[in-house]
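For reference, the structure discussed in these notes is given below.
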Amino acid sequence: MPKKKGDIKVVAGGIGASAPERPIKKTNQLLKGFKDILPDEQKYWQHVFKSVEKVAQQYRYLKIDSPILEETSLFVRTVGKETDIVSKEMYTFTDAGGDLVSLRPEATASIARAYIEHGMMSLPQPVKLYYVGPMFRRENPQSGRFRQFYQFGFEVLGGAGPVIDAQNILVAYNICVDLGFKPDAFTVQINSIGCQNCRGEYKKELVNFYKAKRKFLCGDCKKRLIRNPLRLLDCKVEGCRAIRRDAPQILDWLDDECKAHFMGVLEFLDALEVSYVLNPHLVRGLDYYTRTVFELWMSQKEDASQNSLGSGGRYDALVESLGGPPTPACGFAFGIERLVQLMKLQEVKVKDKKSPDIFIAQIGQQAKIRAMKLFEMLRNEGILAYEAFSKDSLKTQLELANKLQVKYAIIIGQKEVLDGTVLVRDMEAGIQEIINYEKVASDVKKKLSSA
Ligand code: HAM
């Protein structure tokens, strides 16, 4: 395998892992942690896409699409080498040209890269962008956790004030409301993790506190103590949670500027009547955050913290860490699978696409041709119809029309082809009438509008 200067040693499945050889299976199945989104579920997804687009337009965010595949180093430098996402969960491989690349585990780093690469710093600031698309993390699959999952995200780059953080949280909140969730269905959890300066001091204090209790910590937390001490605060193991109760809180360590910023965010949220829960243990699993961090949790779920609907925060140093100018920024992303799960749980009313009221049935080769032409004629007139052109039996076609609960079936047989007519059958009343083929569109339109 060709090695390039400055290569980072990350391989498929995380640092140091290698793919075991497996026998080829006779049948193919979905990969573990992956999901087909079947037609039945699409209405929920469309509902999310529409809400996202609507709210993005209301707040003047512009759409951006970035590639699914990026240089691995992009995520190592931003999300962080020691994070679970980068060290264990990325799908990473060397491509045929020898480049080390990864399927994106998130999109904020890509947006920052695009901001620099396309000179967006010369646009009026802040630049407000949004995106929708699949992300990949090789996590342990469980409820609400997939290896390919979809996110939509909103990012504001080039804005420093607390008003940006507050408006971001408001946008996230309003998307949930627009989707049809009741305001008490979710909570906004918020914290500040300060800047590099205050966090450094706090981390020392935190490590001292946990070191004294090292023997009571779980295996992961023993590693976190050395590699990523902030993550000690969101361990889900009961013993570690009990220890956390007495842990020093970062809010007590914020410097004056970070404190003033956080108070500013809370003031805006109070004024906008967005309720929130101050959560001193919220730290987030990506390294690029500074100051404000927040998550939206489902209120009803016991393990809500493991299944946040959406999350985000400020990342003032990210663009600079990628070689761009100092660019304060803030954003958030939601997992769409989890939103869909909550929509179903809460029985949120979602509009389905209107189904056709017409079925076109045919008997015989010439009638089939005429029926196909009629389908096109109606389509051009904006009239939707079902058909079953691969079927020959009229009985089968009418049974299907019944199942589909259409109002009218248009029937074309050999006689109708010769006469230049069609039969229009009112499916409920069982009455049939003969209509001139040329007049079908206008007649059907009239019938449907008066039905
Ligand atoms: P994140 O917390 O890693 O943040 O992911 C954001 C959301 O994606 C989560 O709240 C969750 O709903 C969803 N999510 C994450 N992992 C999975 C998974 N394995 N299966 C299903 N859903 C999942 C970020 O990705 C940041 N880029 C957010 C951000 C944007 N921060 C600033 N701007």
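Each reported figure results from applying straightforward, stated rules to the coordinates on display, with no laboratory input. Keep in mind that what you see is a predicted model, and the values were worked out from it rather than measured. Positions of Cβ are generated from backbone atoms using ideal geometry, with glycine treated the same way; all protein chains shown enter the neighbour counts.
Any chance you could give the angle, 0 to 90 degrees and rounded to 10, that helix 440-450 forms with the longest Cα principal axis of the chain? So the inclination is approximately 60 degrees.
Summary value for the chain: 15 percent relative contact order, contacts being C-alpha pairs under 8 angstrom separated by 6+ residues.
Relative to the dominant Cα principal axis of the chain, helix 162-179 is inclined by about 30°. Based on DSSP loop calls and a cut-off of at most 12 other Cβ atoms within 10 Å, the longest stretch of the chain free of exposed trypsin sites (Lys or Arg not before Pro) is what? The longest such stretch corresponds to 61-235. Take the chain, mark every one of the chymotrypsin sites (Phe, Trp or Tyr not before Pro) that falls in a DSSP loop and has at most 14 other Cβ within 10 Å, then report the longest stretch left between them, sites excluded. Result, exposed sites excluded: 35-388.
Residue-wise HN-Hα couplings along segment 134-151, as the Karplus relation 6.51 cos²θ - 1.76 cosθ + 1.60 with θ = phi - 60° gives them from phi, are x, 10, 9, 9, 7, 8, 6, x, 7, 3, x, 10, 10, 8, 10, 9, 9, 10 Hz; Gly and Pro carry x. Cβ crowding within 10 Å ranks 350, 76 as 350, 76, fewest other Cβ atoms first. Taking every DSSP beta bridge that has both residues in the chain, what percent is antiparallel when rounded to the nearest 5? Percentage antiparallel, nearest 5: 80.
Close amide H pairs (under 5 Å, H built 1.01 Å from N) link residue 327 with 319, 320, residues at least 5 positions away or on another chain. Listed by chain and number, the lysines whose C-alpha is less than 20 Å from the C-alpha of residue 215, apart from same-chain residues fewer than 8 away, are 203, 204, 223, 236. Charge dipole (Cα centre; +1 on Lys/Arg Cβ, -1 on Asp/Glu Cβ; no other charges) of the chain amounts to roughly 1380 debye.
With neighbour counts taken as other beta-carbon atoms within 10 Å, the residues 321, 143, 192 rank, fewest first, as 143, 321, 192. Past 27 Å, Cα to Cα, is the threshold; run 354/445; 26/353; 128/349; 81/222 against it and keep the listed order. Exceeds cut-off: 26/353; 128/349. Calculate the length of the line joining the C-alpha centroid of segment 107-146 to that of segment 379-451, in whole Å. Centre-to-centre (Cα) distance: 49 Å.
Counting every other Cβ atom within 10 Å of each residue's Cβ, 418, 286 order from fewest to most as 418, 286.
To the nearest 10 degrees, how steeply does helix 365-380 sit against the main Cα axis of the chain, on a 0 to 90 scale? Result, in degrees: 50.
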